[in-house]
Amino acid sequence: LTDMRHRKIDILVGTQMVTKGHDFPFVTLVCVLNADAGLNFPDFRAAERTVQLLTQVSGRAGRAHRPGKVLVQTWDPEHFALRSLVDHDHASFCQQELSARQLAGYPPYSHATVIRIEGRDPSLVLSQSTLIAKHLIDAGILEKGCQMRGPAPAVLERIRGKTRYALLITSPNRHQLRALLDTLDPEMLSSREPRVIIDVDPYDLM
């Protein structure tokens with residue numbers, strides 16, 4: 001970054017970190033490779049995050065008196081998220097994104113909780129995940145108007161030698177969701193192997 005700032009180099013190649021708040025007035029071209037990776041991420045906020053990222057990285061080009069250009073590599077150039085960027089139509093993106101979330105029952109039209117199970121023994125992680133899912137079904141998760149997705153491997157299935165599974169629970173009623181979570185066995189939640197983590201209103205599903 002120092003070399004880039006002092007004009008010792010003219011090309012900077014990196015991950016998403018290169019988009020974060022840098023001000024290089026002489027940059028006139030930004031290229032984004034494989035933008036579909038972000039769009040196809042298994043997270044209901046994937047499109048939102050992709051739009052945020054591409055908007056941010058686009059702002060790195062043409063910050064001074066020289067005009068800038070942004071190239072985005074994609075297999076799906078007609079995706080509504082990408083079209084909204086090209087057309088500078090954020091209102092259209094919000095409308096389509098919210099409609100999709102409402103149809104699927106995702107926030108902001110519901111309240112969400114992720115239950116993550118992680119441990120070094122994959123078989124224990126799977127069995128504990130299955131046990132929690134069975135308990136929630138027996139506790140009347142469907143009758144309470146809640147939806148459960150999973151258990152399934154987490155988006156990042158292994159971190160630091162630990163296998164990770166997750167359940168995503170959504171409900172239009174926060175009190176019913178809280179009542180459902182309160183039925184979980186405290187001993188199950190205090191287990192250290194595998195470890196059970198409850199994330200209410202999760203920022204991401206990773």
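The values are calculated or read from the model by the stated rules, or taken from the named source; none is laboratory data. All figures in this text were calculated on a predicted structure; none of them were measured in a lab. Every residue, glycine among them, receives a Cβ derived from its backbone with ideal geometry; neighbour counts consider all protein chains shown. Accessible surface is based on the protein model in full, side chains and every heavy atom, while ligands, DNA and RNA are left aside. Shrake-Rupley method; radii C 1.70, N 1.55, O 1.52, S 1.80 Å.
Observations on the structure shown:
- Gaussian network model of the chain, Cα within-10 Å springs - most flexible of K144, K134, K20: K20
- Sparsely packed trypsin sites (Lys or Arg not before Pro) within region 86-133, loop by DSSP, other Cβ within 10 Å at most 14: R120
- Counting Lys and Arg as +1 and Asp and Glu as -1 over every other residue whose Cβ lies under 12 Å from the Cβ of Y203, the net charge comes to -3.
- Carbon plus sulfur fraction of accessible area for region 38-179, probe 1.4 Å, in percent: 56
- Between 0 and 90°, nearest 10: helix 122-138 axis offset from the chain longest Cα axis: 70
- Distance between the pseudo-spin-label points of E48 and E187 (7 Å out from Cα toward the beta carbon): 3.9 nm.
- Under 15 Å, Cβ to Cβ, from E118 - net charge with Lys/Arg +1 and Asp/Glu -1: +4
- Sorting M17, M206, M148, M188 by accessible area puts them as M17, M206, M148, M188; the probe is 1.4 Å, largest comes first, and only protein heavy atoms count.
- Relative to the current alpha-carbon distance between Q147 and T130, full extension at 0.36 nm per residue lengthens the span by 4.5 nm.
- Whole-number percent relative contact order across the chain, with pairs defined as alpha carbons under 8 Å at least 6 apart: 20
- Between E157 and S123, the modelled labels are 1.8 nm apart [label points 7 Å from Cα along Cα→Cβ].
- When peptides 42-54, 71-83 are ranked by their average number of other Cβ atoms within 10 Å per residue, the highest-first order is 42-54, 71-83.
- 3J(HN,Hα) along region 96-102: 5, 5, 5, 5, 5, 5, 5 Hz, from the Karplus curve 6.51 cos²θ - 1.76 cosθ + 1.60 with θ = phi - 60°, whole Hz, x for Gly and Pro.
- Of the residues F26, N40, L71, the one whose Cα sits farthest toward the positive end of the charge dipole of region 1-82, with +1 on the Cβ of Lys and Arg and -1 on the Cβ of Asp and Glu, is F26.
- Placing +1 on each Lys and Arg Cβ and -1 on each Asp and Glu Cβ, with no other charges, gives the chain a dipole about its Cα centre of roughly 700 debye.
- About the centre of its Cα atoms, region 138-177 shows a dipole size close to 300 debye [charges on the beta carbon of Lys, Arg (+1) and Asp, Glu (-1) only; nearest 20 debye].
- In sequence order, calculated HN-Hα J values of region 143-153 (Karplus, 6.51, -1.76, 1.60; Hz; x Gly/Pro): 5, 7, x, 8, 10, 10, 10, x, x, 8, x
- Net charge over other residues, Cβ less than 12 angstrom from the Cβ of A166 (K, R count +1; D, E count -1): -2
- Cα-based shape type of region 52-97, given that a ≥ b ≥ c are square roots of the gyration tensor eigenvalues and the cut on a/c is 1.5: prolate
- Most fluctuating residue given options F41, F26, F93, as computed from a GNM of the chain linking Cα atoms under 10 Å: F26
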